[in-house]
Amino acid sequence: MLPCMTSEPEQQIGVGTQDAFQRLWTPHRMAYIQGENKPTGPGADDGCPFCSIPAKSDEDGLIVRRGEHVYAVLNLYPYNGGHLMTVPYRHVADYTGLNGAETAELAELTKQAMTALRTASGAQGFNIGMNQGAVAGAGIAAHLHQHIVPRWGGDTNFMPVVGHTRVLPQLLADTRKMLAEAWPA
């Protein structure tokens, strides 16, 4: 038991039955759980967030880098701190639908994202991938996006496994600024 904890239940008004557990509240996750900001259909005009993000400022859209055909953006519901996505501006669902310039820039921004994450946070490894289609786990299947998830030795712990909670040590706005400053020229 941690020194700050006691075996006696703490008074926890309004949170249910008293017990010896501490609480880690993550209310921002409720938007994701409830499907907030999910597109209403497959078209670009059906509320696709990846189509609307580029119209925002970099700060408001959490955009780290803009290219000619593709942009890099922080994931609003990250698996790990620094979880980025590379996204084509064009509303296209399938990787095979990208043209040559989009494919090349998606790859280049992914490489640059890895460099920026290593520079800014000392990332030791990465999970990189795309979920193609809803049956493959794509949360927004109508607009292609590639995930770049930084990893560190020992970055897994009991929270995601037992508590189904991810602990992020930094606000997304601060992470965006740090990565934008570390992005290779």
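Is it fair to say Val135 is touching a helix residue (DSSP H, G or I) at 6+ places or on another chain (Cβ under 9 Å) and of a type in the set (A, V, I, L, M, F, W, C)?
no
Out of the residues in segment 59-75 meeting the condition of being open to solvent by 50 Å² or more (accessible area, probe 1.4 Å) and in contact (Cβ under 8 Å) with a residue 60 or more places away in the chain, tell me which one is nearest to Leu109 (Cα to Cα).
Looking at residues that are open to solvent by 50 Å² or more (accessible area, probe 1.4 Å) and in contact (Cβ under 8 Å) with a residue 60 or more places away in the chain, I get Arg65.
Residues checked against (1) part of a strand (DSSP E or B); (2) at pLDDT 90 or above; (3) loosely packed, with under 11 Cβ neighbours inside 10 Å; (4) out of contact with any Cys (no Cβ under 8 Å at 6 or more places or on another chain):
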| position | (1), (2), (3), (4) |
| --- | --- |
| Phe126 | yes, yes, no, yes |
| Ala141 | no, yes, no, yes |
| Leu144 | no, yes, no, yes |
| Val149 | yes, yes, no, yes |
| Gly153 | no, no, yes, yes |
| Thr165 | no, no, no, yes |
| Ala173 | no, no, no, yes |
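On the given criteria, is Val92 among the β-branched types (Val, Ile, Thr) and open to solvent by less than 60 Å² (accessible area, probe 1.4 Å)?
Criteria met by Val92.
It is to be established whether one or more residues within segment 88-99 are acidic (Asp, Glu) and either modelled with pLDDT of 95 or more or in contact with a helix residue (DSSP H, G or I) (Cβ under 6 Å, 6 or more places away or on another chain) (or both).
The answer is yes, given that some residue of segment 88-99 is acidic (Asp, Glu) and either modelled with pLDDT of 95 or more or in contact with a helix residue (DSSP H, G or I) (Cβ under 6 Å, 6 or more places away or on another chain) (or both).
Just checking, how many residues over segment 128-139 are open to solvent by less than 30 Å² (accessible area, probe 1.4 Å) and out of contact with any strand residue (DSSP E or B) (no Cβ under 9 Å at 6 or more places or on another chain)?
Selection size over segment 128-139: 2.
Pairs please, first residue from segment 114-126 and more than 13 Å from Val64 (Cα to Cα), second anywhere and β-branched (Val, Ile, Thr), Cβ atoms under 7 Å, 6+ apart in sequence or on different chains.
Phe126/Ile148; Phe126/Val149
All but one of (1) at pLDDT 75 or above; (2) loosely packed, with under 10 Cβ neighbours inside 10 Å; (3) not in a loop (DSSP other than H, G, I, E, B) hold for Ser52; state the number of the condition that does not hold.
(2)
Out of (1) within 15 Å of Arg176 (Cα to Cα); (2) under 17 Å from the mean Cα position of the chain (by Cα), the odd one out for Thr110 is which?
For Thr110, the exception is condition (1).
Looking only at segment 55-69, count every residue that is under 16 Å from the mean Cα position of the chain (by Cα) and either hydrophobic (A, V, I, L, M, F, W, C) or farther than 13 Å from Lys177 by Cα (or both) and tell me the total.
3
If Leu76 meets every condition in (1) farther than 12 Å from Pro150 by Cα; (2) in contact with a strand residue (DSSP E or B) (Cβ under 6 Å, 6 or more places away or on another chain) apart from one, which number is that one?
(2)
The values are calculated or read from the model by the stated rules, or taken from the named source; none is laboratory data. Because the structure is predicted, anything quoted here is derived from the model rather than measured. FYI the Cβ positions are ideal-geometry reconstructions off the backbone, even for glycines, and counts take in every protein chain you see. Just so you know, the surface numbers come from the protein's heavy atoms only, side chains and all, with ligands and any DNA or RNA stripped out. Shrake-Rupley method; radii C 1.70, N 1.55, O 1.52, S 1.80 Å.
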